[in-house]
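Please treat every number below as a calculation from the coordinates, not as lab data. The structure displayed is predicted, hence computed values, not measured ones. As a convention, Cβ positions derive from the backbone with ideal geometry for all residues, glycine included, and neighbour counts pool all protein chains shown.
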Amino acid sequence: MSEKVITCTLNGATLTAISGQSVAAAMISHGERINRTTRIENSPRGIFCGIGSCFDCLVVVDGIANQRACITEVREGMTIQTQNGAGT
Ligand code: FES
């Protein structure tokens, strides 16, 4: 099976990824360790469980907040943004 390179954006910057990667993996491969900040204290959060259970990895995908980066697959043209607070 051959790998397909896809292009999306992270906070407005071009991000290349391999099809089948999670958003989290693509972000980490580009050095981004902070996915979101908490609602009340604005504390940074990144990948913790990596299996969709803890919700620490929430990001905004294609304008929709609260998407778990660790279980969301990157797609060509996807827009990814780190999330501030509740993301609303
Ligand atoms: S890292 Fe725990 S839900 Fe994504």
Give the residue from HIS30, ILE47, GLY63 lying farthest towards the positive end of the charge dipole for the chain; charges sit on Cβ (+1 for Lys and Arg, -1 for Asp and Glu) and the dipole is referred to the Cα centre. ILE47
Using θ = phi - 60° and Karplus 6.51 cos²θ - 1.76 cosθ + 1.60, couplings along region 15-32 (whole Hz; Gly, Pro as x): 10, 9, 8, 9, 4, x, 6, 7, 4, 4, 5, 5, 5, 5, 5, 9, x, 8
Would you calculate a helix-derived [θ] at 222 nm for the chain, using -39,500 (n - 2.57) for each DSSP H run of n ≥ 4 and dividing by the full residue count, to the nearest 500? -2000 deg cm²/dmol
List the relative contact order of region 5-83 as a percent without decimals, with contacts defined as Cα pairs under 8 Å and 6+ residues apart. 38 percent
Treating the beta-carbon of each Lys and Arg as +1 and of each Asp and Glu as -1, no other charges, what is the dipole magnitude of region 5-83 about its Cα centre, to the nearest 20 debye? 140 debye
FRET efficiency estimate (nearest 0.05) - Cβ-Cβ, SER2 to ILE64, R0 41 angstrom: 0.85
Computed on Cα atoms, the radius of gyration and Dmax of the chain in angstrom are 12.3, 45
Could you derive backbone 3J(HN,Hα) for region 58-75 from the dihedral phi with the Karplus parameters 6.51, -1.76 and 1.60 (θ = phi - 60°), listing whole Hz in sequence and x where the residue is Gly or Pro? 4, 9, 9, 10, 6, x, 9, 6, 6, 9, 6, 5, 6, 10, 9, 7, 5, 10
Non-local residues with an amide H under 5 Å from the amide H of GLN21, with H modelled 1.01 Å from N and Pro and chain starts lacking one, are VAL74
From phi via Karplus (6.51, -1.76, 1.60), per-residue ³J(HN,Hα) for region 40-57 in Hz, x at Gly/Pro: 8, 9, 6, 7, x, 9, x, 6, 10, 7, x, 10, x, 9, 9, 6, 6, 9
